[in-house]
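Visitor: Dumping the structure here so I can ask a few things about it.
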């Protein structure tokens, strides 16, 4: 029986590379429409979590469910079907160097043997979403770091996946560009009802993701609003990883009030 | 001991890679366009160095053996000597060594940097199989283009030999050409084509394997590139010995 409550679910997932334990019985779940922000220092297995969810690597034990399906023992062919439901935004964008921005975004559709007449409107719509229509003919090496991430997001959105995995999309970016990336994530969360795992270690991202939301007004304009004191966003939750274990899981407020020394150090250092 | 275990693991991984290529090669999607593109880049792109290698090898062969042949008064067979040496041995081996240097290293570097910049993962995430999309086209390209380039190398080498004999040995071109013709039998040519086919496969599979098993970022890419050339070159020379024995006993036995 498929459990259809969670977009992504990890049950007791463990993974080790040789003697190095990366994840030790990690369990968590992402509800439909929820953003799960995963934090933790470098090398705590944050990116590994995403690679597991995408089926790029397999866990040593435990099980992973995507959209209610247990993918733990799926073959590469079966995973191809699952991956159509998932968009992945890689750390540095991971754009194909030899292909133009247009071809990068069109990649998934080309693989599905879509006609060129169907591909073009989709590609242009995605590039418009990330505000990069002008860069359509550029090659990846002509783009700035922020633009590469945005093209990466546009590429991940092709096929309208309902699950998106962000692997440190804001790392190494200036605050303004990082905010643009976070706003894209908000738009997807609040307007497209996308479920996501957002890996980051920047407190500024957490601030934006936890306390802002986006609505469309009567004229179709997007308005970013702050949650204020009277309401609290419930569609964004946080987990903190340390040494392959989940040491915290809950809302941003609970995290800020946490007494755990590691979390305190994490929060206070960033300030 | 550790070295032996690592060696066994490497052989296992290469075998697995070959198996995955073989399993997928007759199943769609085929990426025909990519295969042709690779043939152009890897094959046609190597034409210049193969032409130069072939020409000078043939010429120097004629030059070096000319004096010895003259001692025995059999200068007239220099055409045969050059053609046989080229078709049996030097054409395939030199062509493929050049390919290992130019193309094998390129494959390892390209796939290695794609791996460390997560492009291979991105490819899988977007629903493409990197084995089919990257490895198979390169293998097909090299398995077909290595014999083709070898034939060109053999031809241009014979021409180099001809020119060297005419200018430095003062031999009539007709003597050289008719003596060359005697060397070129069907079995010789067949034997001379089997070798580069196998070598082409070796270059491609080693380049792809080294590229796809890159670890350790940019430094790792450099290491993979170097290793791919070293391993492929040594394998070519070692396998050449075994193949020569096989071809001589099967095709060329009197």
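The values are calculated or read from the model by the stated rules, or taken from the named source; none is laboratory data. Being a predicted model, the structure only gives us computed values, none of them experimental. In this analysis, Cβ positions are derived from the backbone assuming ideal geometry, glycine residues included, and neighbour counts consider all displayed protein chains.
Visitor: Report whether or not residue A:185 is part of a helix (DSSP H, G or I), outside the structural domain of residue A:150 (by TED's automatic domain parsing), within 16 Å of the chain's Cα centre (by Cα) and more than 24 Å from residue A:68 (Cα to Cα).
Guide: Numbers: part of a helix (DSSP H, G or I): yes; outside the structural domain of residue A:150 (by TED's automatic domain parsing): yes; within 16 Å of the chain's Cα centre (by Cα): yes; more than 24 Å from residue A:68 (Cα to Cα): no.
Spelling it out, it is not the case that residue A:185 is part of a helix (DSSP H, G or I), outside the structural domain of residue A:150 (by TED's automatic domain parsing), within 16 Å of the chain's Cα centre (by Cα) and more than 24 Å from residue A:68 (Cα to Cα).
Visitor: For residue B:152, indicate whether it is under 30 Å from residue A:158 (Cβ atoms), part of a helix (DSSP H, G or I) and away from chain A (no Cβ under 13 Å).
Guide: Working: under 30 Å from residue A:158 (Cβ atoms): no; part of a helix (DSSP H, G or I): yes; away from chain A (no Cβ under 13 Å): yes.
Here the answer is no, as residue B:152 does not meet what is asked.
Visitor: Which fully enclosed strands (runs of 3 or more DSSP E) of segment A:49-168 have 1 or more residues being more than 10 Å from chain B (Cβ to nearest Cβ) and touching a strand residue (DSSP E or B) at 6+ places or on another chain (Cβ under 7 Å)? Break it down stepwise before answering.
Guide: On the way: elements: A:61-66, A:86-89, A:163-167.
Passing ranges, in order: A:61-66, A:163-167.
Visitor: Looking at (1) within 14 Å of chain B (Cβ to nearest Cβ); (2) over 25 Å from residue A:185 (Cβ atoms), which is the one condition that is false for residue A:24?
Guide: In the conditions (1) within 14 Å of chain B (Cβ to nearest Cβ); (2) over 25 Å from residue A:185 (Cβ atoms), residue A:24 misses (1) alone.
Visitor: Please state which one of B:165, B:144, B:136, B:215 is in contact with a helix residue (DSSP H, G or I) (Cβ under 9 Å, 6 or more places away or on another chain) and assigned to a loop (DSSP other than H, G, I, E, B).
Guide: Checking each option against the conditions leaves just B:215.
Visitor: Considering only residues that are facing chain A (nearest Cβ under 10 Å) and in a helix (DSSP H, G or I), look in segment B:111-122 and name the one that is surrounded by the fewest Cβ atoms within 10 Å (Cβ to Cβ).
Guide: Taking segment B:111-122 first, the residues facing chain A (nearest Cβ under 10 Å) are B:113-114, B:117-122.
This time we only want the ones that are in a helix (DSSP H, G or I), so: B:113-114, B:119-122.
Numbers: B:113: 19, B:114: 24, B:119: 25, B:120: 22, B:121: 21, B:122: 25.
Result: B:113.
Visitor: Can we say residue A:171 is surrounded by fewer than 22 Cβ atoms within 10 Å (Cβ to Cβ), free of Cβ contacts under 8 Å to residues at least 40 places away in the same chain and out of contact with any strand residue (DSSP E or B) (no Cβ under 8 Å at 6 or more places or on another chain)? Don't jump to the end; show me each part of the working.
Guide: On the way: surrounded by fewer than 22 Cβ atoms within 10 Å (Cβ to Cβ): yes; free of Cβ contacts under 8 Å to residues at least 40 places away in the same chain: no; out of contact with any strand residue (DSSP E or B) (no Cβ under 8 Å at 6 or more places or on another chain): yes.
So residue A:171 fails the test.
Visitor: Only residues in segment A:73-89 that are without any contact (Cβ under 8 Å) to a residue 60 or more places away in the chain count as the first member; pair them with residues that are in a helix (DSSP H, G or I), Cβ under 7 angstrom, at least 6 apart or cross-chain, and list the lot.
Guide: As it stands, the answer is A:74/A:82; A:83/B:125, since those pairs meet every condition given.
Visitor: Sticking with this structure for a sec: Residue B:188 passes all but one of (1) more than 28 Å from residue B:35 (Cβ to Cβ); (2) over 20 Å from the mean Cα position of the chain (by Cα); (3) in contact (Cβ under 8 Å) with a residue 40 or more places away in the chain; which number fails?
Guide: Failing condition for residue B:188: (2).
Visitor: Another one. For residue B:108, indicate whether it is within 14 Å of chain A (Cβ to nearest Cβ) and closer than 30 Å to residue A:109 by Cα. If you could, list the steps in order and put the result at the bottom.
Guide: Details: within 14 Å of chain A (Cβ to nearest Cβ): no; closer than 30 Å to residue A:109 by Cα: yes.
In short, no.
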